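Student: One structure coming up, written as structure tokens, with questions to follow.
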Ligand code: FEO
Ligand code: CA
Ligand code: CA
Ligand code: CA
């Protein structure tokens, strides 16, 4: 195994490196506002522990292939290796990429890369060629959207090396899209282009036998879902008054999906997508103080987003349509195998700033879905289905499986540390066994199909818990975390990993202080939580796997691994697993003066905690949507060139096309020269 000496960064004088333009358009300046969670906590609820045997699944194609311990969720469809997880170097044997600020994707020696698809590339044969200076809404609706985030790669049955690539488009950055953009004079065309640049893309891609290369093609599955696509609601809030507006008196359908961030692939072959910072599209405030207070818990009505969509459609004006914002902030399920299908927003999964939606299946076929609410001091959730998965690819099984996320119990996490007297906000590791503790899943909502859904929170009905889940979780006494992003079960072991990206306000006056799972004040670099969950039950144990940052700094921890041999890592965001059970982490907002990157982390054996940078992305970009297959790695390169000094006339990045071109968010694939296995 090779491990190059790493250039360590020792400066700790900054916050996350995100540009203020990114903050403004992506999340409505969530980090500059007061935090949305002003609750003081306080626990009630009963704790029931039901042991279940661990089970994991293999899926990602069109069918449920198997349910049972030891198999692997392998979206690649490649055969899982029989190498034991955690064997030193298995899957992580590559020369680490040093931290850098180059305007390119840097990959290890011996690897090759290709841009698969960029903002504006054609998704349909009749899409016009991308023309930055003459973009239209009609063109954008047939082209790849802006700011790619989540990616899924689903093998097409019976078509060798052919896949569906499903990608979410988190948000638009109008000053990067339109020359001379001004909030004072947003045009209808700009508004319609932006709506069409949101949502998701489904596109067929052709792989190759001898490399990881992927070539987009025009096939029957190709589809754009945008900010105007009709989408249905399922679950306890569907049809409730809380979802009714002047254009939808039924409260059962909504136009579009917005701010689609992380997601997940279900074992039955559909794709989940989390609507995250949806508040950033709504202007104004509700006049009713109860409604305004509920909106405030989500940051609706207090952001000044220069998109000004409310000038073109009153649904984005909270004063005129106070319920429209309630119709965003959900987890969406789309069936990429039917381009005419109507996606659904699952209200049983709760409403918050959804980051991701990753599934573990127990041996009896119960679906357990883990979800993060990405804002400072927000919570971790799980949903346990009451229905079991049906195997096979028949129409009946498929119909059944697509109802699984409508019925079950929604929980939020409460965490307790083992060493409360040793946590002082410095990040000093408790001397005996690291940061460890226990946890409880507090029940919030029992979703039933027969209209008999039950609130498990006093003073709220079932629809209210579904729509104002943050308020229900406050009442239950959930633990305030350092921005829960991706939460992902390891298909090899069933352990669940949480990326807690950072929290500049932890420990500041007036905010929650440090606790064992969030042990650093003004946490700039984030941490990774490892949960051993009783998946269908309500108890768990946990440990911090990584306390991220400069390995040379005292406040970092790499599961006890030799810190002189790891890559600096900061602001973990998305998680994925390779076929051997190693964890891979992409970052967003590196606070160590390097570009963001993708890292491998060994989880088991003597090298547990060994962290290596596999790639870095260009200037201003974050790394998203990693997929780690046996023979290829995919990442989405989001918001390249977004910086406070960038203009369309003077871009700070020219990636991927070079020269004097505008930066374009893209999907990139990396493979080993000569077609070898990644990290082997
Ligand atoms: Fe879209 Fe939490 O990042
Ligand atoms: Ca993210
Ligand atoms: Ca993930
Ligand atoms: Ca992030």
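Every number here is computed from the coordinates shown, using simple stated rules; none is lab data. Only a predicted model underlies this, so the values are computations on that prediction, with no experimental measurement involved. Neighbour counts run over all protein chains shown; Cβ positions are idealised from the backbone, glycine included.
Student: When the chain is fully extended, how far beyond the present Cα-Cα distance does residue 424 get from residue 252, taking 0.36 nm per residue of separation?
Tutor: Full extension from residue 424 to residue 252 adds 57.1 nm.
Student: Okay, moving on. Provide the packing ranking of 247-253, 486-492, i.e. peptides ordered by the mean count of other C-beta atoms within 10 Å per residue, highest first.
Tutor: Going by the mean number of other Cβ atoms within 10 Å, highest first, we get 486-492, 247-253.
Student: Could I ask something else about it? P(r) for the stretch 417-460: what percent of alpha-carbon pairs falls in each 10 Å bin, starting at zero?
Tutor: 22, 27, 15, 22, 13, 1
Student: Which whole-number percentage describes the relative contact order of the chain, with Cα contacts under 8 Å and a sequence gap of 6 or more? Present the calculation step by step, with values, prior to reporting the outcome.
Tutor: Values: 2061 pairs, mean separation 131.4, N = 680.
Rounded, it is 19 percent for the chain.
Student: Quick check: from the Cα gyration tensor, does the chain come out rounded (a/c under 1.5), prolate or oblate?
Tutor: Rounded, because the longest to shortest axis ratio a/c is under 1.5.
Student: Can you put 624, 27, 548 in order of Cβ neighbours within 10 angstrom, beginning with the fewest?
Tutor: 27, 624, 548
Student: Follow-up question, since we're still on this one. To the nearest Å, what is the center-to-center distance of the stretch 627-646 and the stretch 150-175, using C-alpha atoms only?
Tutor: If you average the Cα positions of each part, the centres end up 14 Å apart.
Student: Further question: Over the alpha-carbon set of the stretch 562-650, divide Rg by the Kirkwood Rh and report the Rg/Rh ratio to two decimals.
Tutor: Answer for the stretch 562-650: 1.03.
Student: Can I ask one more? Looking at the calculated P(r) for the stretch 405-542, what percent of the C-alpha pair distances fall above 24 Å?
Tutor: Values: 3479 of 9453 pairs.
When every Cα pair of the stretch 405-542 is considered, 37 percent fall beyond 24 Å.
Student: State whether the stretch 189-309 is rounded, prolate or oblate according to the following rule on the C-alpha gyration tensor (a ≥ b ≥ c being the square roots of its eigenvalues): a/c under 1.5 gives rounded; otherwise a/b larger than b/c gives prolate, and the remaining case gives oblate.
Tutor: Values: a/c = 2.37, a/b = 1.88, b/c = 1.26.
Prolate, since a/c reaches 1.5 and a/b exceeds b/c.
Student: Let me ask something additional. Suppose R0 equals 60 Å; then what is the FRET efficiency for residue 161 and residue 650 from their Cβ-Cβ distance, rounded to the nearest 0.05?
Tutor: 0.90
Student: Multiplying the sequence separation of residue 188 and residue 20 by 0.36 nm and subtracting their Cα-Cα distance, what value in nm do you get? Can you show the working numbers first?
Tutor: Working: separation 168, 0.36 × 168 = 60.48 nm, distance 2.52 nm.
Once the chain is fully extended between residue 188 and residue 20, it gains 58.0 nm.
Student: Considering the zone a paramagnetic label at residue 554 would reach in this model (a point 7 Å from Cα along the Cα-to-Cβ line), which residues of the stretch 409-432 have amide N under 13 Å from it?
Tutor: Residues 424-429 fall inside that zone.
Student: Right, another one. Find how much the distance from residue 206 to residue 388 grows on full extension, using 0.36 nm per residue of separation minus their present alpha carbon separation; answer in nm with one decimal.
Tutor: Length gained, residue 206 through residue 388: 62.1 nm.
Student: How long are the three semi-axes of the equivalent ellipsoid for the stretch 225-370, computed from the Cα gyration tensor as the root of 5 times each eigenvalue, in whole Å, largest first?
Tutor: Sorted largest first and rounded, they come to 27, 16, 14 Å.
Student: A further question follows. Please pull out the direction-averaged projected area of the stretch 316-462, using the convex hull of its alpha-carbon atoms, in nm² to one decimal place.
Tutor: Seen from a random direction, the Cα hull of the stretch 316-462 projects 13.7 nm² on average.
Student: Moving on. Over all pairs of distinct alpha carbons, what does the Kirkwood formula give as the hydrodynamic radius of the stretch 473-544, in Å?
Tutor: Kirkwood radius, the stretch 473-544: 13.1 Å.
Student: Report, largest value first, the span of the C-alpha coordinates of the stretch 199-247 along each principal axis, in whole Å.
Tutor: Result, largest extent first: 55, 21, 15 Å.
Student: With labels modelled as points extended 7 Å from the Cα through the Cβ direction, what inter-label distance (nm, one decimal) is found for residue 399 paired with residue 125?
Tutor: 3.3
Student: Per the Cauchy relation, a quarter of the hull surface: what is the mean projected area of the convex hull of the alpha carbons in the stretch 430-484, in nm²?
Tutor: Result: 5.2 nm².
Student: Which order results if 188, 224 are arranged by neighbouring Cβ count within 10 Å, fewest first?
Tutor: Working: 188 11, 224 24.
Fewest-to-most Cβ neighbours within 10 Å comes out as 188, 224.
Student: Still on this structure: For a quick check: sort 246, 431, 594, 643 by the number of other beta carbons within 10 angstrom, fewest at the front. Intermediate results must be reported in sequence, preceding the final value.
Tutor: On the way: 246 11, 431 8, 594 23, 643 19.
Ranked by crowding around the Cβ, least crowded first: 431, 246, 643, 594.
Student: Output the peptides 647-654, 616-623, 667-674 sorted from most to least packed, where packing is the average of other Cβ atoms within 10 Å over each peptide's residues.
Tutor: 616-623, 667-674, 647-654
Student: Once you order the gyration tensor axes a ≥ b ≥ c over the Cα atoms, which shape class does the stretch 122-263 get: rounded for a/c under 1.5, otherwise prolate or oblate by comparing a/b with b/c?
Tutor: oblate
Student: Separate question: Could you grab the Rg to Rh ratio for the stretch 524-680? Cα atoms only, Kirkwood for Rh.
Tutor: Taking Rg over the Kirkwood Rh, I get 1.02.
Student: Can you bin every Cα-Cα distance in the stretch 269-340 into 5 Å intervals starting at zero and give me the percent of pairs per bin, rounded to whole numbers?
Tutor: 3, 17, 24, 20, 13, 10, 8, 5, 1
Student: Over the stretch 609-680, what is the relative contact order in percent, taking alpha-carbon pairs closer than 8 angstrom and at least six residues apart?
Tutor: 30
Student: Something else about it: For a Förster distance of 41 Å, can you work out the FRET efficiency between the beta-carbons of residue 432 and residue 293, rounded to the nearest 0.05?
Tutor: My answer for the efficiency is 0.40.
Student: To continue, here is another question. Report the label-to-label distance for residue 320 and residue 339 in nanometres (one decimal), using points 7 Å from each Cα along the Cα→Cβ vector.
Tutor: In this crude spin-label approximation the distance works out to 3.5 nm.
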